[in-house]
1. When you look at L298, is it surrounded by fewer than 16 Cβ atoms within 10 Å (Cβ to Cβ) and more than 30 Å from P62 (Cβ to Cβ), yes or no?
2. Need the failing condition index for G290 against (1) surrounded by fewer than 16 Cβ atoms within 10 Å (Cβ to Cβ); (2) in contact with a strand residue (DSSP E or B) (Cβ under 8 Å, 6 or more places away or on another chain), just the number.
3. Going residue by residue through the stretch 103-111, is there one that turns out to be in a helix (DSSP H, G or I), at pLDDT 85 or above and farther than 24 Å from M176 by Cα?
4. List the helices (runs of 4 or more DSSP H) inside the stretch 178-217, counting only whole elements, that have at least 1 residues being farther than 30 Å from Y131 by Cα and modelled with pLDDT under 90.
5. Looking for whichever is among the polar types (S, T, N, Q) and either in contact (Cβ under 8 Å) with a residue 24 or more places away in the chain or touching a strand residue (DSSP E or B) at 6+ places or on another chain (Cβ under 8 Å) (or both) here; the options are Q194, Q213. Which one fits?
6. What number of residues in the stretch 90-130 are hydroxyl-bearing (S, T, Y) and buried (at least 16 other Cβ atoms within 10 Å of the Cβ)?
7. Of all residues in the stretch 251-274, which are of a type in the set (G, A, S) and either touching a helix residue (DSSP H, G or I) at 6+ places or on another chain (Cβ under 7 Å) or part of a loop (DSSP other than H, G, I, E, B) (or both)?
8. Which residue out of I220, I174, I206, I196 is under 23 Å from the mean Cα position of the chain (by Cα), among the aliphatic types (A, V, I, L, M), surrounded by fewer than 20 Cβ atoms within 10 Å (Cβ to Cβ) and in the same structural domain as R120 (by TED's automatic domain parsing)?
Amino acid sequence: MKSNVNVCNLRSRLRLSTDRRNAMWGYIFILPWIVGLLVFMAGPVLSVFYYSFTKFDIFSPPTWIGLKNYARAIFEDGLFWRSLTNTASYVALSVPLRLVLAFALALLLRVSSRGTALFRAAFYAPTVVPYVAASILWSWMLHPRLGVVNYLLKSAGLSPPMWLLSETWAKPAIAMLNVWHVGQPMVVFLAGLQGIPEDLYEAARIDGASRWQLVRRITIPIMSPVILYNSIIGIINAFQVFTFAYIMTGGGPLNSTLFYSLYIYRQGFNYFDMGYASALAMILFLLVLGMTILLFRLSSSWVHYES
């Protein structure tokens, strides 16, 4: 009896030592990533947090001024609220359209058939186009007189807008470019759809369910965690929109596309007010963090996780 107890103790010790050895090797393998995170992410974030409480013009040492940068943004700077409103409008316009289109394309391209791989590659291709090149391309396409988009609209008998030169249409034009990069969420949706058992659809068809009922009662509930993931990633990326507006409009016309990240860039690298730019960056961080937490809180009512 005593020997059996000793054998069990020896096995547990060996198992424990093996687990520790595996954990040690695991930490060794991820050590380069941890070092990179601390040096290139955590360090700059802490620096920005400190600079947000200072007056710092890059050329002279920072001077501590407390919460004055935050008070300036909230109570004195009208362009702060304009850039925040522009960004919120852009997020509300582009993110839902991108998600709906990505989900619809994933449903259409879910079944493997002849030509499906070609269509998948075609819809994913814009994702690999650099943002600068895509911005220049769309600027040409949306040119009021020489662009192909207005040429097609005129051929159809429609009155084309001025697009990037119009205060009304500039923001929707940039939102269309973001929707054009639909490939990444589409691939994520496709991966999620592949994990839905076909037996569920067959049983529902036997019970007389229509295609819309299949999507509503089976696909969307099972895919709800993936929808939540794509929603969060889409909102985070949309709040940081910069390249499209910087290349295509520069924030115009009349500050209609002055997005928040572009305004941070102006304050930091055009006006060299790095302390104020750091405060704006921290406000953006808190806004995105708050939006993410809110989405997670609200998700409990519509996201269904498999047990």
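1. Working: surrounded by fewer than 16 Cβ atoms within 10 Å (Cβ to Cβ): yes; more than 30 Å from P62 (Cβ to Cβ): yes.
Answer is yes for this residue.
2. Just one mismatch for G290, condition (2).
3. Going residue by residue through the stretch 103-111, those that are in a helix (DSSP H, G or I) are 103-108.
Now restrict to residues that are at pLDDT 85 or above: 103-108.
Pick out the ones that are also farther than 24 Å from M176 by Cα and you get none.
No, the stretch 103-111 contains no residue that is in a helix (DSSP H, G or I), at pLDDT 85 or above and farther than 24 Å from M176 by Cα.
4. 198-206, 211-214
5. On the way: Q213 fails: either in contact (Cβ under 8 Å) with a residue 24 or more places away in the chain or touching a strand residue (DSSP E or B) at 6+ places or on another chain (Cβ under 8 Å) (or both).
Answer to the check: Q194.
6. Step one: filter the stretch 90-130 for residues hydroxyl-bearing (S, T, Y), giving 90, 94, 112-113, 116, 124, 127.
Checking which are buried (at least 16 other Cβ atoms within 10 Å of the Cβ) leaves us with 90, 94, 124.
So the count comes out to 3.
7. Correct list: G251, G252, S256, G268.
8. Working: I174 fails: surrounded by fewer than 20 Cβ atoms within 10 Å (Cβ to Cβ); I206 fails: under 23 Å from the mean Cα position of the chain (by Cα); I196 fails: under 23 Å from the mean Cα position of the chain (by Cα).
Of the residues listed, the single one that is under 23 Å from the mean Cα position of the chain (by Cα), among the aliphatic types (A, V, I, L, M), surrounded by fewer than 20 Cβ atoms within 10 Å (Cβ to Cβ) and in the same structural domain as R120 (by TED's automatic domain parsing) is I220.
The values are calculated or read from the model by the stated rules, or taken from the named source; none is laboratory data. Since we're looking at a predicted model, the values are computed, not measured. We place every Cβ from the backbone using ideal geometry, glycine too, and count neighbours over all the protein chains shown.
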